[in-house]
Amino acid sequence: MSEFVVGDRAVFLPASGTLVVADLHVGRDEASDVEVPLGERADLRDRLAASLDRFSPAEVVFAGDVLHSFGRASAATETSLNGLTAACRDRGARPVLVAGNHDTMLSSVWDGPVHDEYRLVGKPGDDSGGGGEESEVLVCHGHEEPDGVVDCYVVGHDHPTITIEGRRRPCVLYGPGTYRGGDVLMLPAFNRLAPGVEINGMRTRDFQSPLVTDAEALRPLVYDEAADEALRFPPLGKLRRLL
């Protein structure tokens, strides 16, 4: 078990200097029925900038569903995406875009490479800061089976949230050794307008990602902004008996 750090709807892998965010769903506000602007662009940019300032990563991987709309990418969406990638570059971080199932139009607003999955060298594990052998990490969206067999898979797709004491909060799900013998880190949606899925009562069959093979073993990690740390909960199989 080795090191990762849970941030605000994000995970930082210190060994490779990589920040990962998933499910940005840029343009989600345009798809809303409300007439008042929802402030998505500023919210995404400001929170990403805060994570960049906190972690000073060498690269930022957008792990799929970068865009929201399947069928069109508006000028506003392109402007929003450019603002996010510029925020990365302004702080010396290289943006890396991984395609999700929503990203059929991504190449029309992004002139860089679009990856189906992205490998990096790191040390997967939990946020306790333990050590370990140098390992391969694969970042993919999580909507389909990846090609690679590695030590850790970092995914999004299911938008996990958890309800504790009546409060629903986004969470990272950590499944040690649960997929092809490797660890799984499932990130919540970075876009706060994207609806989250409450995982309290979910079983393996309820998850959309094929990388979830044992929901009972998934450990929720909830970022506590006030304490600037992750709150760790028991695996879902045990946690259900405590709630």
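Read-outs throughout are calculated quantities, based only on the coordinates presented, and are distinct from any laboratory measurement. Quick caveat, the model's predicted, so the values are computed rather than measured. We place every Cβ from the backbone using ideal geometry, glycine too, and count neighbours over all the protein chains shown.
Pairwise inverse Cα distances across the stretch 149-197, averaged and inverted, put the Kirkwood hydrodynamic radius at 11.5 Å.
Remark: the stretch 80-91, residue by residue, has Karplus-estimated 3J(HN,Hα) of 4, 5, 4, x, 5, 5, 5, 4, 5, 5, 4, 9 Hz, where x stands for each Gly or Pro and the curve is 6.51 cos²θ - 1.76 cosθ + 1.60 at θ = phi - 60°. Placing R0 at 41 angstrom, the Cβ-Cβ distance between R91 and R241 gives a FRET efficiency of 0.40 after rounding to 0.05.
Peptides 12-18, 236-242, 139-145, 62-68 ranked from most to least packed give 62-68, 139-145, 12-18, 236-242, packing being the mean of other C-beta atoms within 10 angstrom over each peptide's residues. Given R0 = 41 Å, the distance between the Cβ atoms of D224 and R180 translates into a calculated FRET efficiency of 0.85.
Evaluated with a Cβ-only charge set (Lys, Arg +1; Asp, Glu -1), the chain carries a dipole of roughly 460 debye about its Cα centre, given to the nearest 20. Summing +1 for each Lys or Arg and -1 for each Asp or Glu among the other residues whose beta-carbon sits under 15 angstrom from that of G92 gives +1. With the contact rule set at Cα under 8 Å and sequence spacing of 6 or more, what percent relative contact order holds for the chain? Relative CO of the chain lands at 21 percent. Positive end of the dipole of the chain (Cβ unit charges, origin at the Cα centre): among M186, A58, P220, the Cα lying farthest that way belongs to P220.
Calculated [222 nm] ellipticity per residue, helices only, for the chain: -5000 deg cm²/dmol; basis is -39500 (n - 2.57) per DSSP H run with n ≥ 4, divided by all residues, nearest 500.
Please give the peptides 73-81, 110-118, 96-104 ranked by average Cβ packing (other Cβ atoms within 10 Å per residue), highest first, as a rough proxy for protection. Show your work: numbers first, answer last.
Working: 73-81: 17.7, 110-118: 14.8, 96-104: 21.7.
For the peptides 73-81, 110-118, 96-104, the packing ranking is 96-104, 73-81, 110-118.
When the alpha carbon gyration tensor of the stretch 90-243 is reduced to an equivalent ellipsoid, its three semi-axes come out at 25, 19, 17 angstrom, largest first.
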